[in-house]
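Undergrad: Mind having a look at this structure? Questions to follow.
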Amino acid sequence: QVQLVESGGGLVQAGGSLRLSCAASGSTFRSQAAGWFRQAPGKEREFVAGITWGGTRKYYADSVKDRFTISRDNAKNAVYLQMDKLKPEDTAVYYCAGGQVAGRSGVEDYDYWGQGTQVTVSS
């Protein structure tokens, strides 16, 4: 059973940066694709970024392309999301997830989820 724990969220001004971390327990996570999703109040959970198990291929939503960077360190069993040039519309709870196929944008495509970390961007 894989458990995921996110950290690194917080309050930041527009234009600032945050780095989210996702720590996984369970060795199988190293062999799985990973993704970041976010959910703003009153909205559905949406795909933000995805990465293959080896970290060689990365996928991004158009809304975060060129601002966010996903990475992973399989030695540490962790996935990261570097968020730069943050905008107020990036405000949401951010979730880490593990699945079988990288880049899938559907919530149903992922098997494991963390509890989420709040990111708030002030204008």
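Undergrad: Hey, with R₀ at 25 Å, roughly what FRET efficiency would Ser63 and Ser7 work out to, going by the Cβ-Cβ distance, to 0.05?
TA: Details: r = 23 Å, r/R0 = 0.92.
Calculated value: 0.60.
Undergrad: Taking all protein chains in place and a 1.4 Å probe, what share, in percent, of the accessible surface of the chain do carbon and sulfur account for?
TA: Percent of accessible area from carbon and sulfur atoms in the chain: 46.
Undergrad: Of the candidates Leu86, Leu20, Leu11, which one comes out as most mobile in a Gaussian network treatment of the chain with C-alpha springs shorter than 10 Å?
TA: Leu11
Undergrad: Hey, can you find the accessible area per residue of region 14-123 for me, probe 1.4 Å, expressed in square angstrom?
TA: That works out to 49 Å² for each residue.
Undergrad: Convert each backbone phi in region 2-11 into a coupling constant with the Karplus relation 6.51 cos²θ - 1.76 cosθ + 1.60 (shift: θ = phi - 60°), then list the ³J(HN,Hα) values in order as whole Hz, x for Gly and Pro.
TA: My calculation for region 2-11 gives 9, 10, 10, 10, 8, 7, x, x, x, 9 Hz in order.
Undergrad: What is the pair-distance distribution P(r) of region 19-123, computed from all Cα-Cα distances in 10 Å bins starting at 0, with each bin given as a whole percent?
TA: Over region 19-123, the share of Cα pairs per 10 Å bin runs 16, 53, 27, 4, 0 percent.
Undergrad: Related question: For the chain, what is the charge dipole size about the Cα centre, in debye to the nearest 20, if Lys and Arg each add +1 at the Cβ and Asp and Glu each add -1 at the Cβ? Don't skip to the answer; put the middle values down first.
TA: Numbers: 14 positive and 12 negative charges, 61 e Å.
The calculation lands at about 300 debye.
Undergrad: Starting from 0.36 nm per residue, how many nanometres of slack lie between Val101 and Lys85 once their C-alpha separation is accounted for? Please report the intermediate quantities before stating the final value.
TA: On the way: separation 16, 0.36 × 16 = 5.76 nm, distance 2.84 nm.
Full extension of this stretch gives 2.9 nm more.
Undergrad: Another one. Within the chain, what's the longest stretch lacking trypsin sites (Lys or Arg not before Pro) that sit in DSSP loops with no more than 12 other Cβ atoms inside 10 Å? Walk me through the numbers on the way to the answer.
TA: Details: sites that count: Lys43, Arg57, Lys65, Lys76.
Result, exposed sites excluded: 77-123.
Undergrad: Here is a further query. Count the lysine pairs in the chain whose Cα atoms lie under 20 Å apart, taking only pairs 8 or more positions apart in sequence or on different chains. Write down the numbers at each step before the final one.
TA: Values: Lys43/Lys87; Lys58/Lys76; Lys58/Lys85; Lys65/Lys85; Lys65/Lys87.
Within the chain, the lysine pair count is 5.
The values are calculated or read from the model by the stated rules, or taken from the named source; none is laboratory data. The structure displayed is predicted, hence computed values, not measured ones. So basically every Cβ, Gly included, is an ideal-geometry build from the backbone, and we count neighbours across all protein chains shown. Areas reflect the complete protein model, heavy atoms only, side chains present, ligands, DNA and RNA absent. Shrake-Rupley method; radii C 1.70, N 1.55, O 1.52, S 1.80 Å.
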